[in-house]
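For reference, the structure discussed in these notes is given below.
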Amino acid sequence: MKTKIQVAGKWKVLTGNHTVSHAVKLARVQVISAYPITPQTHIVELLSEMVASGELDARFITVESEHSAMAACIGAAVGGVRTFTATSAQGLALMHELLHWAAGARLPIVMVDVNRAMAPPWSIWTDQNDSLSQRDTGWMQVYAESNQEVLDLILQAYRVSERVLLPTMVVLDAFVLSHTAEPVYLYDQDPVDAFLPPFDYPYKLDLEDPRSVGNLADPSLYFEMKVRQERAMQEARTVWNEVGQAFGEHFGRLYEPVESYRTEDAETILVAVGATTTVRVAVDRLREKGEKVGLVKIRLFRPFPFEEIRNALAGAQRVVVLDRNISFGHHGIFYQEIKSALYGQHPEPELYGTVIGLGGREVTVDTILEIYGKLDHWDPRDPLPHFVGARMREETA
């Protein structure tokens, strides 16, 4: 990401959660629906204070569950207003039914998911299984690396969602970002308003123009509606690129769906998602030793950036996917997606799948160096993922 600040604003030290709250305020969200769950609770707590003090002109709705939180957002969005909610883990799972509803109804809702491992056993720490288990609901998904990205991706998410009429999930790591304070540049309101003007939803409920929403579609209609929904997702690939470029021109921070780091001559490329700072440090250390290693960071997951992935990995001899998630019985989820993107490419690199950091297990620089050191001993045709960092003991029958 290229950075050159060019709009008025101020620096402030913020946690990832409070960065979300300030982004929602800057986006002039009109309805916030809230149900607390660790580790996202601080987001809606600060928003409730902003609304109560009059700092943010919005309706703050307290509900009895995450299912109701999404239902309230759906109702508000159908009424034509800009909406927001936040959740994590079991809360996101409880929303599952209504995530399909929001996407199928073509509502531009933006939600933040603070990645938290799914229970049982109970965990409040990070991995990506909660958001990735919702990958087929029709929501767009973007993953932040830093608190600044959290702010900037939320602003972009509203602009993209309101153009293609699909909801967006902005995802950040629990504790690694949510509870960690970093310097964040908060833009003044005027430049944000210029980038994100008020939205007029074309299909909102209107007493002067009555219509129904979410009615029964028989087999002669349903298929075509789903095709249109998929076409909107395909269009969103281009729109995320366009909005990222526009954001860069306006604010001085350029965002792309896929970001490369020291890959120009890389023979081995590590692929990571989310807070990837330790991977960058590991790449630098390996470079100091003369190893031709680079990093590709995936920012946009849905719609999946096939072309950008292929271009970013072109020329690599080995690709190592660092998955902080697992699809039980298969592999890490990003490994699966990248494998499908590279299918049929010539030459096709050796592809290695690793699973790391489940349940908040720390992913250190040494973890990455350990993975790199084992590559010569691994078979890229191995159908099973490599679990790195798990302290397993051999059990006998």
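Please treat every number below as a calculation from the coordinates, not as lab data. Please read these numbers as outputs of a predicted model, since none were measured by experiment. For neighbour counting, all protein chains shown are included, and Cβ atoms are generated from backbone atoms with ideal geometry for every residue, glycine included.
Each label point is 7 Å from the Cα along the Cα-to-Cβ direction; what then is the distance between the points at ARG262 and ASP200, in nm? The two pseudo-label positions are separated by 5.1 nm. Simple spin-label estimate for VAL63 and GLU291 gives 4.6 nm between the two label positions (7 Å along the Cα-to-Cβ direction from each Cα). Take the alpha carbon gyration tensor of the range 258-387, find the square roots of its eigenvalues, order them as a ≥ b ≥ c, and report rounded if a/c is under 1.5; if not, report prolate when a/b exceeds b/c, else oblate. Because its axes are fairly even, with a/c under 1.5, the range 258-387 counts as rounded.
Calculate for the chain the 222 nm mean residue ellipticity that helices alone would give, adding -39,500 (n - 2.57) per DSSP H run of length 4 or more and normalising by residue count, nearest 500 deg cm²/dmol. If you can, show how the numbers build up before the last one.
Details: 13 runs with 151 residues, N = 397.
Estimated from H runs of four or more residues: -11500 deg cm²/dmol.
Fewest to most neighbouring Cβ within 10 Å: what's the order for LYS25, LYS289? Walk me through the numbers before you get to the answer.
Numbers: LYS25 20, LYS289 8.
Final ranking by Cβ density, sparse to dense: LYS289, LYS25.
Counting only other residues whose beta carbon sits under 13 Å from that of ARG299, what net charge do I get with K and R as +1, D and E as -1? Net charge in that neighbourhood comes out at -2. Using a Gaussian network model of the chain in which every pair of alpha carbons under 10 angstrom is joined by a spring, one finds that among HIS250, HIS346, HIS386 the greatest mean-square fluctuation is at HIS346. Would you work out which of GLY359, PHE306, ALA76 lies farthest towards the positive end of the dipole of the chain, given +1 charges on the beta-carbon of Lys and Arg and -1 on that of Asp and Glu, about the Cα centre? Sorting the options by dipole projection puts first PHE306.
Can you return the lysines within cross-link range of LYS204? Criterion is Cα-Cα under 22 Å, with same-chain partners fewer than 8 residues away left out. Answer for LYS204, where 22 Å is the Cα cut-off: LYS226, listed by chain and number.
Chymotrypsin sites (Phe, Trp or Tyr not before Pro), restricted to the range 158-218: which are DSSP loop and have at most 12 other Cβ atoms within 10 Å? Mind showing how you got there, number by number?
On the way: sites: TYR158, PHE175, TYR185, TYR187, PHE195, PHE199, TYR203; in loops: PHE175, PHE199, TYR203.
Passing sites in the range 158-218 do not exist.
Simple point charges give the picture: +1 on the Cβ of Lys and Arg, -1 on the Cβ of Asp and Glu, and for the chain a dipole about the Cα centre of about 220 debye.
A simple rule links phi to the HN-Hα coupling: the Karplus curve 6.51 cos²θ - 1.76 cosθ + 1.60 with θ = phi - 60°, which for the range 185-193 gives 8, 8, 6, 5, 5, 4, x, 5, 4 Hz, with x for Gly and Pro. May I ask you to list the lysines whose Cα is less than 28 Å away from that of LYS374, ignoring any residue fewer than eight positions away on the same chain? Partners found: LYS289, LYS292, LYS297, LYS339.
For the range 343-397, the set of GluC sites (Glu not before Pro) satisfying both a DSSP loop assignment and a count of at most 15 other C-beta atoms within 10 Å is given as GLU362, GLU394, GLU395. For the chain, find the longest principal axis of its Cα atoms and tell me its angle to the long axis of helix 16-26, 0 to 90°, nearest 10. On a 0 to 90 degree scale, this one is about 40.
For the pair GLN317 and GLU348 in one chain, pulling the backbone fully straight at 0.36 nm per residue adds 10.4 nm over the alpha carbon distance. Model label sites at LYS374 and GLU182, defined 7 Å from Cα along the beta-carbon direction, differ in position by 2.7 nm.
Would you mind putting 48-59, 6-17 in packing order, based on average other-beta-carbon counts within 10 Å, highest first?
6-17, 48-59
For P(r) over Cα pairs in 20 Å bins from 0, in percent, the candidate list reads [x] 27, 50, 19, 4, 0, 0; [y] 27, 58, 15, 0; [z] 16, 39, 37, 8, 0; the entry that matches the value derived from this model is [y].
In this calculation the C-beta distance from GLN189 to TYR222 is compared with R0 = 25 Å, giving a FRET efficiency of 0.05. Between the amide H of LYS292 and those of GLU267, distances stay under 5 Å, these residues lying 5 or more places away or on another chain, with hydrogens modeled in the peptide plane. Within the shell of other residues whose beta carbon sits under 13 angstrom from the beta carbon of LEU47, the net charge comes to -1, with Lys and Arg scored +1 and Asp and Glu -1. Taken one residue at a time, the phi angles of the range 151-156 give Karplus couplings (6.51, -1.76, 1.60, θ = phi - 60°) of 4, 5, 6, 5, 4, 5 Hz. Gly and Pro are set to x.
Rounded to the nearest Hz, the phi-derived 3J(HN,Hα) couplings of the range 93-105 under the Karplus curve 6.51 cos²θ - 1.76 cosθ + 1.60 (θ = phi - 60°) are 4, 5, 7, 3, 3, 7, 5, 4, 5, 4, 5, x, 7, where x marks glycine and proline.
Under a Gaussian network description of the chain, with springs only between Cα atoms under 10 Å, the residue in PHE328, PHE251, PHE387 that fluctuates furthest is PHE328.
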